[in-house]
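Here, each number is a calculation from the coordinates, and none is a lab measurement. What you see is a predicted model, and the numbers here were worked out from it, not measured in a lab. When we count neighbours, we look across all protein chains shown, and the Cβ atoms used for this are built from the backbone with ideal geometry, even at glycine.
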Amino acid sequence: MHEVLIALFVVPLAAAVLSYIAPAKAAPPVSAVAGTASFGLCLALVPAASAGAQHALGAFLRLDALSEVFLLATTFLYATTAVFASGYLHISHLAAGRRYGQLFWGGFNLFCAAMVAAPLMNGLAALWVAVEVTTVVSALLVVIDGTDEATEASWKYVLIASLGLSLALFATVVVYYAGSSFFAGSYNLSYANLLSGAAHFSPGAVRLAFVLAVLGYGTKMGLFPVHTWLPDAHSEAPSPVSALLSGALLAISFYAILRYFQVTEKTVGPAFPRAVMAGFGVASLLLAALYLLSQRDMKRLFAYSSVEHMGIIAIGTSFGAPVAIFGALLHVLAHGAAKGTAFFGAGSVARKFGTKDMGVVRGGALLLPWSGTMLVAVVLALSAFPPFGIFRSEFLVVEGGLSSGRDALAAVLVVLVTVAFFGLSWFTTKTMLSAPAASGERAGADEVPAPGEVSIWIVVAMVAGLAALVLLGVHLPSDLTRLLRDAAGQILPGGAK
Amino acid sequence: MGPVPSGYASGADVAALLVLLTEFAMLRAPQLRSQVRLYAFQSLVVVVLTALTGAVRGHPDLYVLAALSLLLKVVIVPALMLRLLREVDVGQLHRPPVGGGGSMVLVAIAVSVFGFFVLRSLGFRSKALPTATLSVALAVVLVAFVLVVLRSDVVSQAVGFFSVENGVSIVSMAIAAGLPVVAEVSFLFDLLVAVVVFGLIMRAHHARAGTLSTEALDRLRG
């Protein structure tokens with residue numbers, strides 16, 4: 001299994017180099033192949049991850065059930081987004097010349113490489129480095145189109161996220177301090193060290209580290225009140241980058257928080273970290289549900305929906321019941337597939353109509369027979385309709401909340417998710433399911449485009465995303481169920497060794 | 001790690017205090033150029049503290065870290081920032097920050113005091129460690145956040161971020177000197193990458209907005 005682990009680490013890096021130096025036409029297929037290969041390698045690792053922690057390259061790389069869950073979400077988006085971007089970039093790409101393609105594809109693969117590396121890193125220090133790399137690379141991808149809005153968004157993003165991560169660095173140092181008297185001397189922050197020693201760490205220091213880590217990585221995860229960069233960056237980035245930011249990067253940041261959660265739980269018991277997660281989760285969900293009611297920009301709408309879903313995941317973790325944590329981890333997978341697909345659809349609309357303003361776009365599903373229709377379906381998926389995966393994961397989270405006696409919090413969750421459903425579906429269905437505007441009827445709108453898809457690759461990527469959502473909703477493969485159960489077990493008190 | 005010699009503890013305290021005072025000076029600095037120079041000085045103090053810690057605590061690999069920090073934080077980063085300032089027309093940036101300089105310093109003092117109390121309440125007490133240094137370092141981080149929040153130009157905000165990192169460096173010297181130097185060096189490397197990216201986006205911002213002020217950054221709301 002070691003070779004597979006190493007290959008998973010190396011393939012995206014190689015693709016980054018290759019797509020930068022290769023001829024412009026080769027970069028999209030190289031990226032799509034690298035993405036698909038990464039996803040394949042990741043699937044091959046599922047049984048090994050369930051079996052226990054695996055190490056490679058001396059203990060530099062490490063894989064267990066928890067990191068495998070996040071790798072699955074990330075590599076799935078890597079593969080589908082690469083396919084989507086091949087279709088999406090086709091037009092502007094040719095106009096903008098070779099340099100743009102080089103930067104985009106090189107950056108795209110490097111961004112994915114950093115996101116794949118983060119869960120593979122063995123230890124909190126290396127994890128921090130990988131997450132910081134994702135920030136700087138993705139900030140450059142946000143600004144790549146060079147519009148005023150993109151420049152503003154990327155400045156806010158790189159500044160706020162870097163400041164957040166400096167708090168996460170602070171957390172890393174404090175965790176080290178927390179263990180230094182137990183280990184009596186120099187040690188490294190590998191998970192084996194942390195999980196075996198955490199019970200003897202200094203409680204005050206671990207509490208401080210956990211709060212700093214939630215604030216720091218929470219900035220990247222989009223938790224209220226440190227989410228402020230998120231709607232800007234996610235809406236102004238090129239759509240493939242939005243899909244990766246929302247679907248994969250938020251999850252990776254949550255993964256970092258979970259690693260601190262494991263340590264904190266062992267040192268001070270589960271009550272404290274759960275309370276912190278519940279607070280941030282409810283606040284994020286509340287804010288997002290309200291903001292969802294007043295968005296006109298389609299990508300901004302989906303960005304706030306990401307804040308909503310991160311809130312749900314945080315609340316699910318705070319319930320502490322095994323079934324709720326299972327649900328929260330399943331939610332990571334389902335949200336990744338759904339949000340990626342939603343941004344693919346938004347990208348298709350933006351390419352077709354030349355705007356993402358939902359007050360202007362009319363008749364999306366008629367003019368985009370495939371991607372428009374699938375966009376409506378994925379909005380229903382994001383609102384937790386069956387038969388999609390998010391229905392199952394939210395159901396499990398609520399069930400876990402009720403079974404662990406957190407009825408009030410579970411009720412709040414259900415109410416706020418319903419509010420979010422109104423905001424999300426009202427605007428998108430109005431845009432997508434209305435009749436096309438007649439020519440010249442509306443000032444400011446361009447000529448009404450003729451029906452037809454922008455690119456077959458956009459449709460392919462969306463079909464893959466929806467298929468995954470249906471699979472997660474209708475029938476969880478038994479290997480995946482085992483993996484999620486093992487991963488959830490690691491987050492429970494006394495779980496991870 | 002054994003008990004810390006009292007001379008080292010007071011040396012660490014002095015260094016941390018110097019860094020904190022530099023941070024306050026940055027708040028007040030009217031010129032962006034002088035802010036960058038203050039950052040270079042602050043980094044130099046951190047480098048000295050790093051080398052001192054290496055000598056006293058018996059971690060010779062901290063010398064490597066000190067040398068790299070010297071190169072990066074005292075020379076390269078300030079040089080890059082000063083070059084950016086030379087190349088762009090700084091324009092009318094010398095207006096007082098939000099709420100005026102005086103109230104800014106008051107806010108900064110308030111958050112520093114807050115930091116002291118937070119650390120006291122968490123019970124960071126250890127005979128082996130200079131806990132006063134830790135409190136001051138936390139204050140550095142908090143005041144740097146004040147700098148980022150209240151100054152409205154991209155250079156001050158970037159310098160604020162870099163000096164947060166200085167604050168965290170002091171924390172790590174004070175309480176985590178044994179942290180593997182590989183980790184510390186990769187933190188530094190990440191800082192370098194961040195600096196380059198900050199520079200690129202600052203240039204992009206200047207190219208679009210024609211100014212280094214962030215007042216034009218008000219398109220995206222709600």
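I'd like to know how the protein assembly as shown sits against the 2.2 N^0.38 Å rule of thumb: what's its Cα Rg over that expected value? Intermediate values should be presented prior to the final figure.
Details: Rg = 24.8 Å, N = 719, 2.2 N^0.38 = 26.8 Å.
Relative to the 2.2 N^0.38 Å estimate, the protein assembly as shown comes out at 0.93.
Taking square-rooted eigenvalues a ≥ b ≥ c of the alpha carbon gyration tensor, is segment B:18-92 rounded, prolate or oblate, where a/c under 1.5 means rounded and, failing that, a/b exceeding b/c means prolate? The partial results should precede the final answer.
Details: a/c = 6.41, a/b = 1.94, b/c = 3.30.
Taking the square roots of the gyration eigenvalues as a ≥ b ≥ c, segment B:18-92 is oblate.
Lys pairs in the protein assembly as shown, Cα-Cα under 19 Å, at least 8 apart or on separate chains: how many?
Qualifying lysine pairs in the protein assembly as shown: 12.
Could you list A:T355, A:T317 so that the one with the fewest beta carbons within 10 Å of its beta carbon is first and the one with the most is last?
Working: A:T355 16, A:T317 27.
By the 10 Å Cβ count, ascending, the order reads A:T355, A:T317.
With a 10 Å Cβ neighbour count serving as the proxy for reagent exposure, in which order, fewest first, do A:L120, A:L13 appear? All intermediate terms of the calculation are to be shown ahead of the outcome.
Details: A:L120 23, A:L13 17.
Fewest to most other Cβ atoms nearby, the residues stand as A:L13, A:L120.
May I ask you to derive the relative contact order of chain B, considering only C-alpha pairs under 8 Å and at least 6 residues apart, and to give it as an integer percent? Kindly include the intermediate steps, with their values, before the conclusion.
Working: 254 pairs, mean separation 59.5, N = 222.
That works out to 27 percent.
Return B:S186, A:S348 ranked ascending by Cβ neighbour count within 10 Å, so the fewest neighbours appear first.
On the way: B:S186 18, A:S348 28.
Going from least to most buried by this count: B:S186, A:S348.
With a sphere of radius 14 Å drawn around the Cβ of A:V378, what net charge do the other residues whose Cβ falls strictly inside it have (Lys, Arg +1; Asp, Glu -1)? Kindly include the intermediate steps, with their values, before the conclusion.
On the way: positive: A:K299, A:K339; negative: none.
After counting each charged neighbour, the total is +2.
Give the angle, between 0 and 90 degrees and rounded to the nearest 10, that separates the Cα long axis of helix A:2-21 from the longest principal axis of the Cα atoms of chain A.
40 degrees
Compute the helix-to-body angle for A:27-44: its Cα long axis versus the longest principal axis of chain A, expressed 0 to 90° and rounded to tens.
In chain A, helix A:27-44 runs at an angle near 40 degrees to the longest axis.
Report the paramagnetic label zone for B:A25: residues of segment B:151-178 whose backbone N is under 13 Å from a point 7 Å from Cα along the Cα-to-Cβ axis.
Residues passing the 13 Å test: none.
Across chain B, where is the longest run that never hits trypsin sites (Lys or Arg not before Pro) in a DSSP loop with at most 15 other C-beta atoms within 10 Å?
Values: sites that count: B:R125, B:K127, B:R219, B:R221.
Free of exposed loop sites, the longest segment is B:1-124.
Could you tell me whether segment A:1-137 comes out rounded, prolate or oblate from its Cα gyration tensor? Rule is a ≥ b ≥ c as square roots of the eigenvalues, rounded for a/c under 1.5, then prolate if a/b exceeds b/c, otherwise oblate.
Working: a/c = 2.45, a/b = 1.93, b/c = 1.27.
In terms of gyration-tensor shape, prolate.
Compute the acute angle (0 to 90°) between the alpha-carbon long axis of helix B:100-122 and the principal axis of greatest extent of the alpha-carbon atoms of chain B; round to the nearest 10°.
30 degrees
Per 0.36 nm of contour for each residue apart, how much would the distance between A:L290 and A:S403 grow if the chain were fully extended, relative to their Cα-Cα spacing? List each step's numbers first, then the result.
Values: separation 113, 0.36 × 113 = 40.68 nm, distance 2.79 nm.
Taking A:L290 through A:S403 to full extension adds about 37.9 nm, to one decimal.
Local charge sum around A:G87 (other residues, Cβ-Cβ under 13 Å, Lys/Arg +1, Asp/Glu -1)?
Here the count lands on +1.
Quick check on segment B:6-209: take the gyration tensor over C-alpha atoms, sort the square-rooted eigenvalues as a ≥ b ≥ c, and tell me if it's rounded (a/c under 1.5), prolate or oblate.
Numbers: a/c = 2.32, a/b = 1.38, b/c = 1.68.
Note, shape of segment B:6-209 comes out oblate.
Per residue of chain B, what 222 nm ellipticity follows from adding -39500 (n - 2.57) for every DSSP H run with n ≥ 4, rounded to the nearest 500? Before the final figure, lay out each step's value.
Numbers: 8 runs with 163 residues, N = 222.
Mean residue ellipticity at 222 nm (helix-derived): -25500 deg cm²/dmol.
Using +1 at the Cβ of each Lys and Arg and -1 at the Cβ of each Asp and Glu in segment A:55-164, identify which of A:F70, A:Y88, A:G106 lies farthest towards the dipole's positive end.
Working it through, the farthest residue towards the positive pole turns out to be A:G106.
Would you tally the net charge around B:V141, using a Cβ to Cβ cut-off of less than 11 Å, leaving B:V141 out, and scoring K and R as +1, D and E as -1? If you can, show how the numbers build up before the last one.
Values: positive: none; negative: B:E23, B:E165.
Summing Lys/Arg as +1 and Asp/Glu as -1 gives -2.
I want to verify a result. In a Gaussian network model of chain B, Cα cutoff 10 Å, which of these has the top mean-square fluctuation: B:V197, B:V143, B:V113?
B:V197
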